[in-house]
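Every number here is computed from the coordinates shown, using simple stated rules; none is lab data. What you are looking at is a predicted structure, and each value in this text was computed from that prediction instead of being measured. Positions of Cβ are backbone-derived with ideal geometry, glycine not excepted, and every protein chain shown enters the neighbour counts.
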Amino acid sequence: MRKPIISLETIAAMCHAANREFCKAHDEHDLHKPWDECTESEKNVSINAMRKLFQSNTEALLHYSAEVLSEATWIEWKKSKSAEGWTYGLKKDPIAKTHPCLVSDYSQLSGYEKAKDQIYLALMKMIVKNYEVLV
């Protein structure tokens, strides 16, 4: 039986919603906007991250722990942000391009930040298992 097809935009919207709800449940004040209120540019950042993930070895998603995968994903995210001129700062500030998750090592992230990444990757595992992704 063939797996149902899912688009990268749908996956990005699902992950965005899960991340937003996790933040809301933990009283994070810097909530992401709902997906429908994001600009095309903001959506494309998420969609392109999904594209990169699904163009890589998706079998790795099934075989590695969420912790290992979340560290690898954070490293790629950090490289991307750094290339755009972002640096570490105590608060996320899109104008100053500072972000509190741009620490020097993954081990310095809080358990809260790591949990957000691990939830995201658990979703990815379920999607890879159950859907054919249109890249």
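Can you give me the C-alpha center-to-center distance between segment 67-89 and segment 14-63, rounded to a whole angstrom?
14
How much mean residue ellipticity at 222 nm does the chain get from its helices, if each DSSP H run of length 4 or more adds -39500 (n - 2.57) and you divide by all residues, to the nearest 500 deg cm²/dmol?
-19000 deg cm²/dmol
Given the peptides 50-56, 61-67, arrange them by the average over their residues of other C-beta atoms within 10 Å, most packed first.
50-56, 61-67
Two decimals is fine: what is log10 I(q)/I(0) at q = 0.22 Å⁻¹ for segment 51-130, from a Debye sum with one equal scatterer on every Cα and no solvent?
Listed by q, the Debye log ratios stand at -1.04.
Placing +1 at every Lys and Arg Cβ and -1 at every Asp and Glu Cβ, with all other atoms neutral, what dipole size does the chain have around its Cα centre, in debye to the nearest 20?
Magnitude of the dipole: close to 260 debye.
How high is the relative contact order of segment 5-134, in percent, counting Cα pairs under 8 Å that sit 6 or more residues apart?
Computed over segment 5-134, the figure is 34 percent.
Net charge near S70: determine it from the other residues with C-beta under 14 Å of the C-beta of S70, scoring Lys and Arg +1 and Asp and Glu -1.
Computed value for this residue: -2.
Hey, what angle do you get for helix 111-130 against the long axis of the chain, alpha-carbon based, 0 to 90 degrees rounded to 10?
In the chain, helix 111-130 runs at an angle near 20 degrees to the longest axis.
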